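These notes are about the structure you will find just below.
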Amino acid sequence: VEVHYLDGTSDRTKVLIEKQTEKVTIPNPGNRRIAFVLFDPGSLLLKKVTFDKSFGELKAQASGAPHMIDRFDAIAGMRPIGLDTKRDVLFGLYGKESFHAIKSEIASQLVADRDEKSIRLIQTALADRDARVRAGVVNSTDSIPPPLRTQYETLLRDSSYNIVASVLRRLAARYPENIQRYLAITRDLKGAGNQVRILWLELNAASGNAVSLDS
């Protein structure tokens with residue numbers, strides 16, 4: 001168990017849990033104010049844990065926990081929290097992080113938000129050099145908003161076939177009037193296991209070109 005204080009210091013203790021109920025005490029003689037508490041820092045143990053934390057504690061953990069997984073857990077813990085409360089915090093955290101899973105988690109919580117700040121963050125994430133971040137944003141997108149349509153369209157030429165297929169499916173569903181243009185861009189792509197080609201044929205057939213059914 002690790003306790004982190006607002007002054008930047010921390011204390012930790014290792015205990016053996018043997019009973020159904022155990023009480024763990026960490027002395028705090030200086031009466032320092034607690035920022036956040038971690039059970040099993042770094043998530044080294046296979047376990048199920050319910051640990052309710054306030055938004056302030058999650059925010060402190062997301063920005064101050066040494067281990068990536070503890071920062072990720074804190075950000076994931078913000079999912080039920082309203083956008084107006086967490087938007088600026090997530091925006092600030094995104095700029096500090098480099099790990100793809102954390103950046104994807106932040107983007108997934110903001111992808112449906114129409115606030116200008118969130119839109120800018122999604123634009124940044126869609127252009128991230130790490131394909132896993134780009135894929136994380138696309139896979140979290142239910143409906144592509146008009147302000148971001150052009151940027152999603154650029155991903156039809158992405159280096160990742162998984163991203164191309166995912167974007168093509170979403171663009172076709174959201175902007176069916178542009179389907180022929182999207183099909184023209186992806187006409188010659190195959191993808192691993194022909195994933196892009198199969199989707200292309202499905203969409204082409206659905207748009208009225210029955211010849212695709214014979215391919």
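The values are calculated or read from the model by the stated rules, or taken from the named source; none is laboratory data. Small disclaimer: the values here were computed from a predicted structure and weren't measured. Heads up, the Cβs are rebuilt from the backbone with ideal geometry, glycines too, and the neighbour counts pull from every protein chain shown. The area values use the complete protein model at the heavy-atom level, side chains included, leaving out ligands, DNA and RNA. Shrake-Rupley method; radii C 1.70, N 1.55, O 1.52, S 1.80 Å.
The H on the amide N of Ala35, modeled in the peptide plane, is under 5 Å from the matching H of His4, Tyr5, Leu6, each at least 5 residues off or on a different chain.
What full-extension length gain, to one decimal in nm, is calculated for Thr13 and Glu177 as 0.36 nm per residue of separation minus the Cα-Cα distance?
On the way: separation 164, 0.36 × 164 = 59.04 nm, distance 6.14 nm.
That works out to 52.9 nm of additional length.
Kirkwood radius for the chain, taken over all pairs of different Cα atoms as the inverse mean of 1/r, rounds to 20.0 Å.
Taking 15 Å as the cut-off, the amide N atoms of the range 142-175 that come nearer than this to a point 7 Å along the Cα-to-beta-carbon line of Asp188 belong to 157-158. In the chain the longest region clear of GluC sites (Glu not before Pro) that are loop-assigned by DSSP and have at most 16 other C-beta atoms within 10 Å covers 23-215. Expressed as a whole number of Å, what is the distance separating the alpha-carbon centroids of the range 3-76 and the range 153-201? Going from one Cα centre to the other spans 44 Å. Across the range 155-161, computed HN-Hα scalar couplings (Karplus, 6.51 cos²θ - 1.76 cosθ + 1.60, θ = phi - 60°) run 6, 5, 10, 5, 6, 9, 5 Hz from first to last residue, x flagging Gly and Pro.
Computed 3J(HN,Hα) for the range 132-140, one whole-Hz value per residue from the Karplus formula 6.51 cos²θ - 1.76 cosθ + 1.60 where θ = phi - 60°, is 5, 6, 4, 5, x, 5, 4, 5, 8, glycine and proline marked x.
Of the trypsin sites (Lys or Arg not before Pro) in the range 115-166, the ones in a loop by DSSP (not H, G, I, E or B) with at most 11 other beta carbons within 10 Å are Arg129.
Within the range 26-93, the trypsin sites (Lys or Arg not before Pro) that combine a DSSP coil assignment with at most 13 other C-beta atoms in a 10 angstrom radius are Arg33, Lys47, Lys48.
Cross-link partners for Lys53 among the lysines, with Cα-Cα distance under 16 Å and sequence neighbours closer than 8 places in the same chain left out: Lys86. Since only Val167, Gly136, His100 are under comparison, the one whose Cα sits farthest along the positive direction of the charge dipole of the range 86-215, derived from C-beta charges on Lys, Arg, Asp and Glu, is His100.
Between Ile163, Ile69, Ile26, the Gaussian network model of the chain with springs among Cα atoms under 10 angstrom shows the greatest mean-square fluctuation at Ile26. If I compute solvent accessible area with a 1.4 Å probe over the protein chains, what percent of it on the range 42-170 is carbon and sulfur? Summing carbon and sulfur atoms, their accessible area is 50 percent of the total for the range 42-170.
Could you work out the helix-only [θ] at 222 nm for the chain, with each DSSP H run of four or more residues adding -39,500 (n - 2.57) and the total divided by the number of residues, to the nearest 500 deg cm²/dmol?
Working: 10 runs with 103 residues, N = 215.
That calculation yields -14000 deg cm²/dmol at 222 nm.
Across Val138, Val24, Val167, mean-square fluctuation computed from a Gaussian network of the chain (C-alpha pairs under 10 Å connected) peaks at Val24. When the Gaussian network model of the chain links Cα atoms closer than 10 Å, the mean-square fluctuations of Gln195, Gln109, Gln61 top out at Gln195. The amide H of His67, built 1.01 Å from its N in the peptide plane, has no neighbour under 5 Å, considering only residues 5 or more places off or on other chains. Using a/c under 1.5 as the rounded threshold, could you call the range 108-194 rounded, prolate or oblate? The axes a ≥ b ≥ c are square roots of the C-alpha gyration tensor eigenvalues, and prolate needs a/b larger than b/c, oblate otherwise. Taking the square roots of the gyration eigenvalues as a ≥ b ≥ c, the range 108-194 is oblate. When exposed loop sites are taken as chymotrypsin sites (Phe, Trp or Tyr not before Pro) in a DSSP loop with at most 15 other Cβ atoms within 10 Å, the longest stretch of the chain clear of them is 100-215.
Surface analysis of the chain yields an accessible area of 58 Å² per residue, using protein heavy atoms and a 1.4 Å probe. A crude spin-label estimate for the pair Ser143 and Arg129, with each label 7 Å from Cα along the Cβ direction, gives 3.6 nm.
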